[in-house]
Each structure stands twice: as C-alpha cells, then as structure tokens.
1. Mind checking which residues of the range 208-235 are under 38 Å from the mean Cα position of the chain (by Cα), outside any helix (DSSP H, G or I) and under 13 Å from residue 198 (Cα atoms)?
2. Check off (1) at pLDDT 95 or above; (2) surrounded by 13 or more Cβ atoms within 10 Å (Cβ to Cβ) for residue 240 and give me the number that stays unchecked.
3. Go over the candidates 116, 109, 136, 125 one by one and state the one that is crowded, with 18+ Cβ neighbours inside 10 Å and either more than 13 Å from the chain's Cα centre (by Cα) or closer than 26 Å to residue 162 by Cβ (or both).
4. Among the residues that make up the range 156-172, is at least one of them at pLDDT below 95, in a helix (DSSP H, G or I) and surrounded by fewer than 18 Cβ atoms within 10 Å (Cβ to Cβ)?
5. Being buried (at least 18 other Cβ atoms within 10 Å of the Cβ), in contact (Cβ under 8 Å) with a residue 12 or more places away in the chain and on the phi > 0 side of the Ramachandran plot is the requirement here; does residue 202 meet it?
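The values are calculated or read from the model by the stated rules, or taken from the named source; none is laboratory data. As the structure is a computational prediction, the values presented were derived from the model and not from experiment. Glycine also receives a Cβ, built like all others from the backbone with ideal geometry; neighbour counts cover every protein chain displayed.
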C-alpha cells in the first residue's frame with residue numbers, strides 16, 4: 001500500500017515539478033544563447049548546444065537533461081507549423097525592444113510576410129530603413145513607401161524607384177483601409193513631389209504609366225496647398241502646366 005502511494009507521489013512529482021522545471025531552464029538557456037539579435041538563428045543554437053555538450057555541464061544529470069530539452073526545442077522550432085511560426089515572427093517584428101539586427105533578418109524572404117508588414121506598420125530604426133530602401137524585393141520597398149510612422153523625407157529614394165508599383169504606393173500614401181481613419185496625412189517633401197510629377201515613365205516593370213502614378217498622388221492628400229501655389233513659378237514646364 002505504502003509502496004504504491006510512494007510510486008504515485010513520485011510520478012506526480014516528476015510530471016508537476018521536474019519536467020516543467022527542466023523545460024523552463026531549457027527555454028531560459030535558449031533565450032540566453034540566442035537573445036533578441038539572433039532570435040531566428042537556429043544554426044547558432046545548434047553550435048552553442050554542441051559546444052555545451054563538450055563542456056563539463058554535460059557530465060551532470062541535470063546538465064544533460066537541459067541540453068536534451070534544448071535540442072528538442074530546436075527541433076520543434078524547425079518543425080513548427082507555418083501559422084504559429086508566422087505569428088511568432090510578427091511578434092518579433094512589432095516588438096519595440098527588438099534590436100535592428102533582428103528586424104533586418106525579418107526582411108529575408110524566409111520570414112514570409114513579417115518583413116513587409118513591419119515595414120508598413122511601425123516606426124523603424126534608421127539601419128532597418130536603409131536596408132529596406134535598397135531591398136531587392138519590391139513588396140518590401142512598396143510596404144515601406146506606405147509607412148506613416150517614419151519621416152517622409154527618408155522615403156525620397158523611392159520616388160525614383162525602378163518599380164512603378166513602388167512609386168505608386170508612395171504617391172498613394174498610407175493605406176486608407178488600415179483599420180482606422182487617417183484624420184491627418186503628412187505632406188510629402190517638395191523633392192519627392194517634384195520627382196513623382198515630372199517622371200517620364202511608369203517604371204521598369206511596365207505595370208503603370210507615369211500619369212497613373214501622378215493621379216494617385218493627386219488624390220492622396222499628400223500635396224500641400226503651398227506646393228500647389230508654387231507650381232506656376234517652377235522651372236520645369238510640366239509643373240507650370242499643372243498650375244494652369
């Protein structure tokens with residue numbers, strides 16, 4: 001009777017205390033090994049676990065248990081369902097404490113939609129903006145073009161982007177279907193307005209014409225009245241014609 005009771009208590013002790021404790025320590029180990037800057041770097045975790053396996057900690061029972069669970073967590077990360085992985089990556093993307101290095105890694109295509117969503121939906125460190133402006137993927141640059149949180153002057157290179165779709169998104173401004181009504185739209189700087197209004201083509205992708213992009217700008221409320229009043233005195237003839 002006492003032996004059976006002891007076995008049941010031991011089983012519950014293992015399931016309620018030991019296993020959760022080992023899991024907690026393993027997660028703490030993984031978080032310490034990777035940190036924010038390398039949150040997506042599974043190879044780094046593998047290298048660290050390999051190094052620890054050769055260290056003295058691996059000779060103890062507790063150390064071996066923690067390393068084992070850390071390996072299982074790494075394996076689980078690789079096999080995590082796409083939907084859960086996407087939510088996790090978006091959580092990093094919109095974490096205000098995430099360092100620029102981690103955010104830049106989210107611009108990689110393997111991170112899915114987390115990169116474009118981040119580029120459009122939050123304020124970004126200068127280092128991330130610099131990388132996004134030069135990113136080879138048009139959807140990343142196009143998302144950045146609609147960002148309402150960063151200084152519009154930082155978006156100047158996009159006014160002459162090779163892609164007409166990127167230029168159109170800059171001309172159209174922040175997405176009006178973002179979930180809340182924009183009561184105030186920040187005007188674009190003069191140099192961006194001039195570049196969009198005087199462009200001779202609609203971009204290398206051939207999806208839009210220059211006039212279609214200008215129409216997007218006209219309806220976006222990003223052209224201040226002071227700029228419109230100055231068109232008649234501009235050197236470019238195309239701008240003076242628009243003042244008529």
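1. 209
2. (1)
3. Among 116, 109, 136, 125, only 116 is crowded, with 18+ Cβ neighbours inside 10 Å and either more than 13 Å from the chain's Cα centre (by Cα) or closer than 26 Å to residue 162 by Cβ (or both).
4. Looking through the range 156-172, none of the residues is at pLDDT below 95, in a helix (DSSP H, G or I) and surrounded by fewer than 18 Cβ atoms within 10 Å (Cβ to Cβ).
5. Numbers: buried (at least 18 other Cβ atoms within 10 Å of the Cβ): yes; in contact (Cβ under 8 Å) with a residue 12 or more places away in the chain: yes; on the phi > 0 side of the Ramachandran plot: no.
Judged against the criteria, residue 202 is not a match.
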